[in-house]
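The values are calculated or read from the model by the stated rules, or taken from the named source; none is laboratory data. Everything quoted here is computed from the prediction, not taken from an experiment. Here the Cβ positions follow ideal geometry from the backbone for every residue, glycine too, while neighbour counts run over all protein chains shown. For the accessible areas, the whole protein counts, side chains as well, though only heavy atoms, and no ligand, DNA or RNA atoms are used. Shrake-Rupley method; radii C 1.70, N 1.55, O 1.52, S 1.80 Å.
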Amino acid sequence: MYELSYFRNNLEAIAKRLADRGFELDVEAYRKLDAERRAALSEAEQLKAQKNAASQEVGKLKRAGQDTTAQQVQIRELDAQIAARDEKAGALDESYRQMLAGVPNTPSESVPTGKSAADNVEIKRWGRPREFSFTPKAHWDLGPALGILDFERAAKITGARFVVYMGLGAKLERALINFMLDVHTNEHGYTEVLPPFMANSASYYGTGQLPKFEQDLFKLRDTDYYLVPTAEVPVTNLHRDEVLDAEKLPIKYCAYTPCFRSEAGSYGRDVRGIIRQHQFQKVELVKFSRPESSYEELEGLTRDAEEILERLGLPYRRVVLCTGDIGFSSAKTYDLEVWLPGQNEYKEISSCSNFEAFQARRAGIRLNWGRMKSGKGKGDYVHTLNGSGLAVGRTWLAIIENYQQADGSVVVPEALRPFMGVDVIRASV
């Protein structure tokens, strides 16, 4: 969300930058609506001036002992006209705000210009993909063969794009969650949060999922609740409508939640396996930062996610998303993509984003500079950031594919062995 006066005064510049991300801002529509609003306010002010003059006239006539019936009628008529103009101005202002709620964030100047994912820029690579002495299999073949992944029974229970983890497969999922939370809380300085797994519409408006992306959400019938698509929603809204002290920032949270997504618009994409599910698990990292240090915090958050991949020995690359590929609320996003030998490609496993003040304005998360005089003038809102640390299901399948052996077994990464109690996952006899 934009600050209203800034948006009105910088329409052309904002439209130009938004065009870089493929969004066409109807400048004339906003100008017309704003002009109508200003006209209604001006008319209301003129009518109020007339009412004041009529009220003064009434006072004079009363002091002179004269009849004021006609002036009283005029004042009542002016009151009705003023109320109508004020109501019109309020309605136009609300229409302006609703239109503004559908306008995405402007990309940071450090974001490369591009039209699609093909224009994203690789920043780094870590690890060398393993050379196999056999043809590596994909997880959708390995998992069922090991008896740790069951798609057919999940489809019977619920439907397509669901899965049941079995035996050591379920334990591996749980081990990954515990491992990630332990590293982030014990070593990276995050406070663990276990939030509700559903949130109200005000929370989704705050982080930018509503009103634009309602089709991507699962709503609970006859309620104002939606199942969370990511812990970003409840955790960011922990501080909705609050004022945070600048000297206490950054605040760093991590949270495990299941995530629920309708995957609207993804028909035909990643239909095999567990890459794109309606329900999956994720450990999320969320930060609240002062404006001047938010990009430094983005680098730190991204490194925290990368370290999980490195400890698990999973080759990955970091890419910065171009203007045409970043999310609605983001000013800048890094994607971490893990190597999947069974599919011979890198796949996104974490998106780490800086939203600057975009979400904070929507959610009313303000900043109190207090004694930090040097910070005054840098903004009245905090900057919010988040990223996956990591998507658990995709980490699970990356381990299965990268650590597979010729006999179909899977070696457990050393970092997970204390959580698993076994070194190798084998098919049960």
Check 92, 41, 78 and return the single one that is farther than 30 Å from residue 110 by Cα, in contact (Cβ under 8 Å) with a residue 24 or more places away in the chain, assigned to a helix (DSSP H, G or I) and open to solvent by 60 Å² or more (accessible area, probe 1.4 Å).
-> 41
Which of the residues spanning the stretch 394-422 are in contact with a strand residue (DSSP E or B) (Cβ under 9 Å, 6 or more places away or on another chain) and part of a loop (DSSP other than H, G, I, E, B)?
-> 403, 405, 409, 412
If you take the residues in the stretch 183-233 that are among the charged types (D, E, K, R) and open to solvent by 80 Å² or more (accessible area, probe 1.4 Å), which one is farthest from residue 279 (Cα to Cα)?
-> 187
Of 236, 257, which residue is under 24 Å from residue 330 (Cα atoms) and in a helix (DSSP H, G or I)?
-> 236
Across the stretch 132-182, which residue is most open to solvent (accessible area, probe 1.4 Å) among those that are of a type in the set (Val, Ile, Thr) and closer than 13 Å to residue 397 by Cβ?
-> 163
Could you list all residues from the stretch 340-357 that are aromatic (Phe, Trp, Tyr) and surrounded by fewer than 24 Cβ atoms within 10 Å (Cβ to Cβ)?
-> 346
Quickly run through the stretch 301-323 and pick out the residues that are out of contact with any strand residue (DSSP E or B) (no Cβ under 8 Å at 6 or more places or on another chain) and surrounded by 20 or more Cβ atoms within 10 Å (Cβ to Cβ).
-> 312, 323
Quick one: residue 67 ticks every box in (1) open to solvent by 60 Å² or more (accessible area, probe 1.4 Å); (2) closer than 28 Å to residue 333 by Cα; (3) assigned to a loop (DSSP other than H, G, I, E, B); (4) not β-branched (Val, Ile, Thr) except a single one, so which number is it?
-> (2)
